[in-house]
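Q: Mind having a look at this structure? Questions to follow.
The values are calculated or read from the model by the stated rules, or taken from the named source; none is laboratory data. Predicted model, so just to flag it, every value in this text is computed and none were measured. Cβ placement follows ideal geometry from the backbone for every residue including glycine, while neighbour counts extend to all protein chains displayed. The area values use the complete protein model at the heavy-atom level, side chains included, leaving out ligands, DNA and RNA. Shrake-Rupley method; radii C 1.70, N 1.55, O 1.52, S 1.80 Å.
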Amino acid sequence: METILLIDDELDNTKILSMSLRSDGYAVLTASSGEEGLSVFHQKKPEIIITDIRMPGMDGLEVLKQIRNSTDMAEVIIITGHGDIDLAIEALQNGASDFINKPIHDEALAVALKRAREKLAIKHQIQEYTTGLENRVQAATRELRQQANFQMELINSASDGIIGMDNQLNVIMFNPGAQLIFEYQAKDVIQTRKGFDLFPESAAFALSSAMKTAVRHITRQEISILSGTGESIPVNFSGAVLFDQDNPIGCVAFLQDLREIKKLRNELIRSERLAAIGQTVAGLAHCIKNILHGLEGGSYVLDAALKRNDIAKLSSGWEMIQRTVQRTSSLLRDLLSYSKDRQPEYQTCRPNQIVGDVCDLMDTLANDHRIKLIRDLDATIQTAQMDPQTVYRCLLNLVSNAIDACIFDENREKIFEVRVSTRYDSNNRIRFDVADTGCGMDEDVKNQLFSSFFSTKGAKGTGLGLLVTQKLIEAHHGDISVRSEPGKGTTFTLRLPAEPLASK
């Protein structure tokens with residue numbers, strides 16, 4: 001049952017109108033003044049109010065204004081007399097639902113009440129819709145906030161550095177992992193630094209190019225960044241471009257600090273090297289045994305030649321002893337190189353000249369076995385800051401191995417070549433390739449190449465040459481790789497920085 005508040009200072013009008021409304025099924029509250037009517041309204045909160053416009057004290061207009069200030073969920077019908085048309089209009093302007101003239105007719109009252117109920121129904125629908133919409137918005141907002149908080153927690157808890165940048169490469173996000181790597185506070189970087197300020201040229205160029213060409217992912221690469229303290233820090237760098245539909249809106253860079261990994265790797269290498277010392281005893285026993293056999297054989301030939309005064313055999317025996325002494329020297333030199341840490345001695349040198357020196361030394365051996373030793377040098381490579389002794393020794397070992405691979409190839413119908421080439425590589429590095437057309441290697445042999453005392457030359461090899469080469473190259477902040485196919489040949493590739501890098 002709907003409740004109507006009736007406010008009128010004329011008690012007879014109030015009595016008659018109340019009876020009519022009750023007969024129509026309404027519950028009726030009455031008040032004889034504006035002040036009393038407002039008090040009843042605030043207590044009972046009826047949704048329909050019928051008030052006389054002219055009353056002593058607080059009139060109907062003031063009651064209307066007070067109710068409107070209190071709530072929008074109530075409809076006020078104004079009762080006016082003849083000549084009160086201006087007041088009626090003012091009442092409508094202040095939010096009255098309708099007005100009816102005295103004397104009040106049932107039909108006019110019924111129409112006014114119907115309009116009031118319809119307005120209330122619409123207001124309730126709007127309120128329900130608005131409340132439902134607000135609830136959905138709040139729920140969606142909470143979900144978005146939870147997702148954002150979750151994502152931010154993931155970013156902040158990541159051990160890797162994560163740096164977010166807008167489409168102008170301005171830094172807009174700098175997580176704790178990045179702060180640990182760079183030793184900058186986020187407040188000192190966000191909106192004050194660009195990607196070009198934080199990354200070396202190669203990485204900054206990769207970000208900028210990806211943004212311009214709409215490439216979604218930036219391939220992982222190892223770079224060195226400069227921290228706030230001036231330390232050069234090795235990191236794995238990768239990235240992704242962020243899009244709004246098809247338009248790049250920014251990018252994110254991921255940095256994995258490699259200091260601890262490299263430290264552990266170096267410790268592991270040192271541990272393996274120490275373990276290899278133990279294996280060295282067994283390996284040395286075999287090598288020394290072969291050396292002793294060589295010495296004994298040479299001594300026997302010498303003794304026989306001296307007794308018979310045979311100059312030819314004397315020369316043959318002496319050559320056997322010389323080869324054995326050379327093998328002993330090579331073994332000792334490799335052992336010393338592998339067991340000691342040697343820092344590169346950088347100086348200005350000419351990489352192509354070093355290649356030429358190695359090839360000049362090996363030309364005679366190659367020609368003796370009908371092997372073509374080819375120099376394929378990049379003329380644009382002039383000088384570099386390297387350790388020439390390291391480069392020379394590593395290339396000499398690889399070229400010597402390449403020639404041996406051709407010598408040991410049983411297919412004597414092949415054309416044997418050893419090609420030594422130089423090229424500029426990415427990240428200001430110089431690449432040395434030593435390729436042969438010899439016997440090649442299968443995967444099992446390749447997997448053991450850098451193991452101690454493993455040799456493809458049988459008794460003729462010490463099994464330390466490639467191990468020493470790898471150690472020297474890594475000390476030079478370079479890397480060594482190999483490609484090989486049985487029966488077709490092998491290519492060893494060295495990549496060395498063209499100038500010194502900070503210690504990793």
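Q: Going 7 Å from the Cα of R259 toward and past its Cβ, which residues in the range 148-183 have a backbone nitrogen under 16 Å from where you end up?
A: Under cut-off, by backbone N: 159-162, 176-183.
Q: Can you compute the charge dipole magnitude of the chain about its Cα centre, using +1 on each Lys and Arg Cβ and -1 on each Asp and Glu Cβ, nothing else charged? Give it in debye, rounded to the nearest 20. Before the final figure, lay out each step's value.
A: Details: 56 positive and 68 negative charges, 715 e Å.
Roughly 3440 debye, rounded to the nearest 20.
Q: How far apart, in nm, are the 7 Å Cα→Cβ label points at N428 and L242?
A: Between N428 and L242, the label points sit 3.1 nm apart.
Q: Please name whichever of A240, N149, I218 sits farthest to the positive end of the charge dipole of the chain, dipole taken about the Cα centre and charges placed at Cβ: Lys and Arg +1, Asp and Glu -1.
A: Towards the positive end, the residue furthest out is I218.
Q: What accessible area per residue, rounded to a whole number of Å², is obtained for the chain using a probe radius of 1.4 Å?
A: Values: 28050 Å² over 504 residues.
Normalised by residue count, the accessible surface of the chain is 56 Å².
Q: With the dipole of the chain worked out from charges on the C-beta (+1 for Lys and Arg, -1 for Asp and Glu) around the Cα centre, which of L61, G440, F408 lies farthest toward the positive end?
A: F408
Q: Please tell me the relative contact order of the range 1-96 in percent, rounded to the nearest whole number, where contacts are Cα pairs under 8 Å and at least six residues apart. Could the numbers behind the result be given before it?
A: On the way: 153 pairs, mean separation 25.5, N = 96.
In percent, rounded to a whole number, it is 27.
Q: Would you please classify the overall shape of the range 1-70 from the alpha carbon gyration tensor, given that a ≥ b ≥ c denote the square roots of the eigenvalues, rounded means a/c under 1.5, and beyond that prolate means a/b larger than b/c while oblate covers the rest? Walk me through the intermediate numbers first.
A: Working: a/c = 2.22, a/b = 1.26, b/c = 1.75.
Oblate shape, in that a/c is at least 1.5 and b/c is the bigger or equal ratio.
Q: Mind giving me the FRET efficiency for Q151 and M1? R0 is 45 Å, r the Cβ-Cβ distance, nearest 0.05 is fine.
A: Details: r = 54 Å, r/R0 = 1.20.
My answer for the efficiency is 0.25.
Q: Then there is this: Assuming R0 = 41 Å, can you tell me the calculated FRET efficiency for the pair T131 and S202, based on Cβ-Cβ distance, to the nearest 0.05?
A: Values: r = 57 Å, r/R0 = 1.39.
The pair T131/S202 has a calculated efficiency of 0.10.
Q: Once you have a ≥ b ≥ c as the square roots of the Cα gyration tensor eigenvalues for the range 45-85, tell me rounded if a/c is under 1.5, and otherwise prolate or oblate according to whether a/b is larger than b/c. Numbers along the way, then the final one.
A: Details: a/c = 2.39, a/b = 1.72, b/c = 1.39.
Because a/c hits 1.5 or more and a/b exceeds b/c, the range 45-85 counts as prolate.
Q: Tell me, what HN-Hα J-couplings in whole Hz come from the Karplus equation 6.51 cos²θ - 1.76 cosθ + 1.60 at θ = phi - 60° for each residue of the range 164-178, using x for Gly and Pro?
A: Karplus-based 3J(HN,Hα) across the range 164-178 equals x, 9, 7, 6, 9, 6, 6, 6, 10, 8, 9, 6, x, x, 5 Hz.
Q: How much net charge surrounds R429 when only other residues with a Cβ under 11 Å from its Cβ are counted (Lys, Arg +1; Asp, Glu -1)?
A: Counting the neighbours of R429, the net charge comes to 0.
Q: I would also like to ask the following. How much net charge surrounds I172 when only other residues with a Cβ under 12 Å from its Cβ are counted (Lys, Arg +1; Asp, Glu -1)?
A: Numbers: positive: R193, K194; negative: D166.
Once positives and negatives cancel, what remains is +1.
Q: Continuing with this model, one more query. Hey, if we sort S159, S484 by accessible area with the 1.4 Å probe, largest down, what's the order? Please report the intermediate quantities before stating the final value.
A: On the way: S159 105, S484 25 Å².
Descending accessible area places them as S159, S484.
Q: Rounded to the nearest 0.05, what FRET efficiency do A312 and L365 give with R0 = 25 Å and r taken as the Cβ-Cβ distance? Could you check?
A: On the way: r = 23 Å, r/R0 = 0.93.
Plugging the Cβ-Cβ distance into 1/(1 + (r/R0)^6) gives 0.60.
Q: Under the 0.36 nm per residue contour assumption, what length would be gained going from the current alpha-carbon distance of T380 and E231 to full extension?
A: On the way: separation 149, 0.36 × 149 = 53.64 nm, distance 3.18 nm.
Gain in length upon complete extension: 50.5 nm.
Q: Something else about it: At 7 Å along Cα-to-Cβ for each site, give me the label-to-label distance between A108 and A498 in nm.
A: Placing both labels 7 Å beyond Cα along the Cβ direction yields 10.1 nm.
Q: Moving to a separate point now. Highest first, please rank the peptides 377-385, 134-142, 389-397 by the mean number of other Cβ atoms sitting within 10 Å of their residues. Can you show the working numbers first?
A: Details: 377-385: 13.3, 134-142: 10.0, 389-397: 21.3.
My ranking of the peptides, most packed first, is 389-397, 377-385, 134-142.
Q: Of K187/K263; K65/K114; K187/K262; K102/K123; K194/K471, which ones are farther than 26 Å apart at the Cα? Let's see the in-between values first.
A: Details: K187/K263 31 Å; K65/K114 22 Å; K187/K262 30 Å; K102/K123 29 Å; K194/K471 38 Å.
Table pairs above 26 Å Cα-Cα are K187/K263; K187/K262; K102/K123; K194/K471.
Q: How far apart, in nm, are two points set 7 Å out from the Cα along the Cα-to-Cβ line at I89 and at E267?
A: With each label placed 7 Å out from Cα toward Cβ, I get 9.3 nm.
Q: Is the shape of the range 22-164 rounded, prolate or oblate, going by the alpha carbon gyration tensor and its root eigenvalues a ≥ b ≥ c, with a/c under 1.5 for rounded and a/b larger than b/c for prolate? Each step should come with its number before you reach the end.
A: Working: a/c = 3.65, a/b = 3.18, b/c = 1.15.
Judged from the Cα gyration tensor, the range 22-164 comes out prolate (a/c at least 1.5, a/b above b/c).
Q: I need the Debye-formula profile for the range 360-454: one equal scatterer per C-alpha, no solvent, reported as log10 I(q)/I(0) at q = 0.22, 0.23, 0.24, 0.25 1/Å, two decimals.
A: For the range 360-454 at q = 0.22, 0.23, 0.24, 0.25 Å⁻¹, log10 I(q)/I(0) is -1.21, -1.26, -1.29, -1.33.
Q: Here are some values of log10 I(q)/I(0) by the Debye sum over Cα atoms at q = 0.07, 0.08, 0.09 Å⁻¹: (1) -0.63, -0.72, -0.83; (2) -0.49, -0.62, -0.77; (3) -0.37, -0.49, -0.62. Which one was computed from this structure?
A: It is the value labelled (1).
Q: I've got another one for you. Report relative contact order for the chain in percent, whole number only (criteria: Cα-Cα under 8 Å, sequence separation at least 6). Kindly include the intermediate steps, with their values, before the conclusion.
A: Working: 797 pairs, mean separation 37.2, N = 504.
In percent, rounded to a whole number, it is 7.
Q: Stretched out fully, how many nm does the piece from Q347 to S209 gain, at 0.36 nm a residue minus the Cα gap?
A: Working: separation 138, 0.36 × 138 = 49.68 nm, distance 3.50 nm.
Result for the pair: 46.2 nm of gain on full extension.
Q: Please report, ordered by residue number, every helix of the chain (full DSSP H runs) that is 30 Å or longer along its axis going by C-alpha atoms and whose mean Kyte-Doolittle hydropathy reaches -1.0. Can you show the working numbers first?
A: Details: long enough: 106-157 (74 Å, -0.66); 259-308 (67 Å, -0.07); 311-339 (42 Å, -0.15).
Within the chain the helices that satisfy the rule are 106-157, 259-308, 311-339.
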